[in-house]
Amino acid sequence: MSEMHHIAISTRALDLWYGSFQALRNINVSIKDGIITSLIGPSGCGKTTLLRCFNRVNERYGNVRTSGTIELLGKNIYDPDISLIELRKSVGMVFQRPNPLPISVYENVVFGLRIHATDGKPHRDELDAAVEKSLTEVGLWKDLKDRLHDRAVGLQLEQQQKLCIARLLPLKPEIILMDEPCSALDVEGTRGIEELMFALKGRYTIVIVTHNMAQARRASDECIFMLLGELIEHTRTGDLFLNPKNPKTAEYIEGRYG
Ligand SMILES: Nc1ncnc2c1ncn2[C@@H]1O[C@H](COP(=O)(O)OP(=O)(O)OP(=O)(O)O)[C@@H](O)[C@H]1O
Ligand SMILES: [Mg+2]
């Protein structure tokens, strides 16, 4: 790989506490632009917590305190002039269970455009175009173009998860965070989401949390291994699996714990 990548996300001396419990310890990480990075490590090591730092969603969970810095595309996300709304538009997130809204496919895709519209109601043509473009980008347009007014919660789980990705796209995110996005899906569904991640990478920076070592190996360019709130190793995926530098990484990928 000779392409140059800028840094999409970087943290310096990032600590995070839930009350008196320290969940992240001195995280210094630089995540490259336009690639897929996976976060791996045993349950409770802080993967979800770290992911949620990147769009400041942890703050919703109460009693959370952080120190250190987090920069997205070179900008400190705790700067007073940062708009949380803009931050969350540019850093989209999908979850373990697909969570489309209980409204139509069409309305799910345009939901963000409607709530973020600044100058009056968005025009019908603009919404239609966004729906076609976003569903095409996630590979759902052909299957759903005649079912746009069906309820989204009636779709297959794989389609629901793709729809959850599609509805981020009209807001023009730079970064897409995925917290175990395939854990509710079967093998076929998992493959569908991984293929979609490949199709989206380059245009978006993708950070995925996964418990599935095979998935981390197949799907990510770089891999971050965490343990007890610390970042143990961050390197190219091939190197992490074939030639881990830290013995703790080796033990984890060999399945000796977690
Ligand atoms: N809202 C919260 N309040 C208090 N402690 C929390 C909260 N959320 C997470 N924790 C604790 O912080 C630690 C890290 O949790 P986190 O959910 O980030 O881990 P994880 O690596 O995503 O785990 P899993 O693989 O099970 O999803 C755990 O010890 C967890 O119990
Ligand atoms: Mg988690």
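The values are calculated or read from the model by the stated rules, or taken from the named source; none is laboratory data. Keep in mind that this is a model prediction, so the values were computed, not measured. All Cβ positions, even for glycine, are placed from backbone atoms using ideal geometry, and neighbour counts span all protein chains on display. When the accessible area is computed, the model is the full protein with side chains, heavy atoms only, and any ligands, DNA or RNA have been set aside. Shrake-Rupley method; radii C 1.70, N 1.55, O 1.52, S 1.80 Å.
List of remarks:
- The set of residues in the range 207-258 being open to solvent by 60 Å² or more (accessible area, probe 1.4 Å), touching a Phe, Trp or Tyr at 6+ places or on another chain (Cβ under 6 Å) and more than 14 Å from ligand 1 (Cβ to nearest atom) consists of Arg217 alone.
- Search result, residues across the range 40-66 that are within 13 Å of ligand 2 (Cβ to nearest atom), at pLDDT 95 or above and either open to solvent by 40 Å² or more (accessible area, probe 1.4 Å) or over 20 Å from Glu86 (Cα atoms) (or both): Ile40, Gly41, Pro42, Ser43, Gly44, Cys45, Gly46, Lys47, Thr48, Thr49, Arg52
- Tally, over the range 144-157, of residues that are open to solvent by 30 Å² or more (accessible area, probe 1.4 Å), without any contact (Cβ under 8 Å) to a residue 40 or more places away in the chain and under 23 Å from Phe95 (Cβ atoms): 2
- First in the range 240-251 and touching a residue at least 24 places away in the same chain (Cβ under 8 Å), second anywhere and in a helix (DSSP H, G or I) and not basic (Lys, Arg), Cβ under 7 Å, 6 or more apart: Phe241/Ile253; Thr249/Leu240
- Residue in the range 176-190 that is within 16 Å of ligand 2 (Cβ to nearest atom), over 30 Å from Pro100 (Cα atoms), modelled with pLDDT of 95 or more and in contact with a Pro (Cβ under 9 Å, 6 or more places away or on another chain) present: no
- Condition met for Arg25 (at pLDDT below 95 and of a type in the set (Lys, Arg)): no
- Matching strands (runs of 3 or more DSSP E) fully within the range 192-258 where at least 2 residues are β-branched (Val, Ile, Thr): 205-209, 230-236
- Qualifying residue in the range 133-143 (condition: open to solvent by less than 30 Å² (accessible area, probe 1.4 Å), under 13 Å from the mean Cα position of the chain (by Cα), of a type in the set (A, V, I, L, M, F, W, C) and farther than 15 Å from Gln96 by Cα): no
- Filter pass, Gln156 being out of contact with any helix residue (DSSP H, G or I) (no Cβ under 7 Å at 6 or more places or on another chain) and at pLDDT 95 or above: yes
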